[in-house]
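For reference, the structure is listed below as structure tokens.
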Amino acid sequence: MADTTIPERIPINLVVNGERRTLEIVPWTTLLDALRDRLELSGTKKGCDHGQCGACTVLVDGRRVNSCLTLAVMKDGAEITTIEGLARDGTLHPLQQAFIDHDAFQCGYCTPGQICSAAGLLAEGHARDADEIRELMSGNLCRCGAYPNIVAAIEQAMSRS
Ligand code: FES
Ligand code: FES
């Protein structure tokens, strides 16, 4: 007879937007579901849930990752930054301000992932011009076609960082 025992939940610790959070999860919980469903941080979006759209991008220990492809248990102890954690003391992150300045969103669904990914891109320091921004942001899809404004916003933030 098949073993139908439900696996035990596993305790993990995450430092999310500077705050230590402890949660117990079944082992297959993705980081995306842990953030959205368990920690109620719904800014990070679920688009494809298959690693193809970038809507779920967050920063893990400063590097951008697709949280839908990442098991939360693999990130026990990690520092996670979501879109909710980018503003500081009531001041928008320069990328958030630049997205507003350049009208770089339409429906806004991809925007949190775009901004988190752009924050990772700036930290990586590899992009030097618009073409390289486009290439290094190619994992983030926008169905509305706001790309020119997104690139302009990232260029602005890059020039000021
Ligand atoms: S929801 Fe993760 S890449 Fe699309
Ligand atoms: S702003 Fe609508 S999908 Fe990007």
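Here is how the numbers come out for the structure above:
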| item | result |
| --- | --- |
| Residue within the stretch 30-41 that is of a type in the set (Lys, Arg) and under 26 Å from ILE6 (Cα atoms) present | yes |
| Selection from the stretch 2-17 of residues that are open to solvent by 70 Å² or more (accessible area, probe 1.4 Å) and not in a strand (DSSP E or B) | ALA2, ASP3, THR4, THR5, ILE6, GLU8, ARG9 |
| Hits in the stretch 93-148 - residues which are within 16 Å of ligand 1 (Cβ to nearest atom) and open to solvent by 80 Å² or more (accessible area, probe 1.4 Å) | CYS107, TYR109, ARG143 |
| Residue tally, condition touching a helix residue (DSSP H, G or I) at 6+ places or on another chain (Cβ under 7 Å) and closer than 14 Å to ILE80 by Cβ, over the stretch 1-15 | 2 |
| Given (1) in contact (Cβ under 8 Å) with a residue 12 or more places away in the chain; (2) open to solvent by less than 50 Å² (accessible area, probe 1.4 Å); (3) of a type in the set (A, V, I, L, M, F, W, C), number of the condition LEU71 does not satisfy | (2) |
| Number of the condition not met by LYS46 [criteria: (1) closer than 21 Å to ALA123 by Cβ; (2) within 16 Å of ligand 2 (Cβ to nearest atom)] | (1) |
| Filter result (without any contact (Cβ under 8 Å) to a residue 40 or more places away in the chain, closer than 25 Å to ALA157 by Cβ and open to solvent by less than 70 Å² (accessible area, probe 1.4 Å)) within the stretch 40-67 | SER42, VAL60, VAL65, SER67 |
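The values are calculated or read from the model by the stated rules, or taken from the named source; none is laboratory data. Source: prediction; values computed, not measured. Cβ sites come from the backbone with ideal geometry, for glycine too, and all protein chains shown count toward neighbours. These accessible areas exclude ligands, DNA and RNA; they are computed on the full protein's heavy atoms, side chains included. Shrake-Rupley method; radii C 1.70, N 1.55, O 1.52, S 1.80 Å.
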